[in-house]
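One structure below.
Computed from the coordinates by the stated procedures, all read-outs in this text should not be read as laboratory data. Quantities reported herein were computed from a predicted structural model and do not represent experimental measurements. No Cβ is skipped: glycine too gets one built from the backbone with ideal geometry, and neighbour counts run over all protein chains shown.
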Amino acid sequence: MDNFRNLIVSKRSVGIATEIYIMTSDFPNSELYGLTSQIRRSTVSISSNIAESAGRKSKKEFAKFLGIAYGSACELETQLLISMNLKFLKTNEFEVLFEDIIEIQKMLYALEKK
């Protein structure tokens, strides 16, 4: 496997994690250990599992960790939708993040099937 830092999906997932950390810094303090923490964990999980998949020796393990990253991207999508419903995120902020997440999901799926 190539170095994970050379993968476009890895770069995109690190980028969205950075954006999400910035955006969630404006969430209510009451959500610091709730939704904010959960969103941050799931977004970090995407890039972390991509990195871990690249370090695995077998194709089966590689696919397993990409699958976990995909699941974290789905989890993040749901958490951001909840955040928008609670008015912690504006609709346009959600839509930009949502488009990025969908692209990352597509890349993960394609890489896993490769």
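Any idea which of E103, E93, E112 is within 30 Å of G55 (Cα to Cα), touching a residue at least 40 places away in the same chain (Cβ under 8 Å) and more than 11 Å from the chain's Cα centre (by Cα)? If you could, list the steps in order and put the result at the bottom.
Numbers: E103 fails: more than 11 Å from the chain's Cα centre (by Cα); E93 fails: within 30 Å of G55 (Cα to Cα).
Unique residue meeting the criteria: E112.
Okay, residues lined up against (1) assigned to a helix (DSSP H, G or I); (2) surrounded by 17 or more Cβ atoms within 10 Å (Cβ to Cβ); (3) under 12 Å from the mean Cα position of the chain (by Cα):
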{"position": "I39", "(1), (2), (3)": "yes, yes, yes"}
{"position": "A51", "(1), (2), (3)": "yes, yes, no"}
{"position": "C74", "(1), (2), (3)": "yes, no, yes"}
{"position": "L81", "(1), (2), (3)": "yes, no, no"}
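Is it the case that some residue within the stretch 56-69 is in contact with a Phe, Trp or Tyr (Cβ under 6 Å, 6 or more places away or on another chain) and touching a residue at least 60 places away in the same chain (Cβ under 8 Å)?
Initial filter on the stretch 56-69 (in contact with a Phe, Trp or Tyr (Cβ under 6 Å, 6 or more places away or on another chain)): 56.
With touching a residue at least 60 places away in the same chain (Cβ under 8 Å) added as a condition, the list becomes none.
Taking every residue of the stretch 56-69 in turn, none turns out to be in contact with a Phe, Trp or Tyr (Cβ under 6 Å, 6 or more places away or on another chain) and touching a residue at least 60 places away in the same chain (Cβ under 8 Å).
Quick one: S45 ticks every box in (1) assigned to a helix (DSSP H, G or I); (2) surrounded by fewer than 17 Cβ atoms within 10 Å (Cβ to Cβ) bar one, so which box is it?
(2)
When you check S10 against the structure, is it more than 12 Å from L76 (Cα to Cα), free of Cβ contacts under 8 Å to residues at least 40 places away in the same chain, in contact with a helix residue (DSSP H, G or I) (Cβ under 9 Å, 6 or more places away or on another chain) and assigned to a helix (DSSP H, G or I), yes or no? Before the answer, list the steps.
Details: more than 12 Å from L76 (Cα to Cα): yes; free of Cβ contacts under 8 Å to residues at least 40 places away in the same chain: no; in contact with a helix residue (DSSP H, G or I) (Cβ under 9 Å, 6 or more places away or on another chain): yes; assigned to a helix (DSSP H, G or I): yes.
It is false that S10 is more than 12 Å from L76 (Cα to Cα), free of Cβ contacts under 8 Å to residues at least 40 places away in the same chain, in contact with a helix residue (DSSP H, G or I) (Cβ under 9 Å, 6 or more places away or on another chain) and assigned to a helix (DSSP H, G or I).
How many residues does the stretch 74-103 hold that are under 12 Å from I20 (Cβ atoms) and of a type in the set (A, V, I, L, M)?
The number of residues fulfilling the criteria is 6.
Give the residues of the stretch 15-37 that are within 29 Å of K60 (Cβ to Cβ) and surrounded by fewer than 18 Cβ atoms within 10 Å (Cβ to Cβ), sorted by residue number. Lay out the reasoning, then the answer.
Restricting attention to the stretch 15-37, the residues satisfying the condition of being within 29 Å of K60 (Cβ to Cβ) are 15-17.
Within the stretch 15-37, just G15 meets the criteria.
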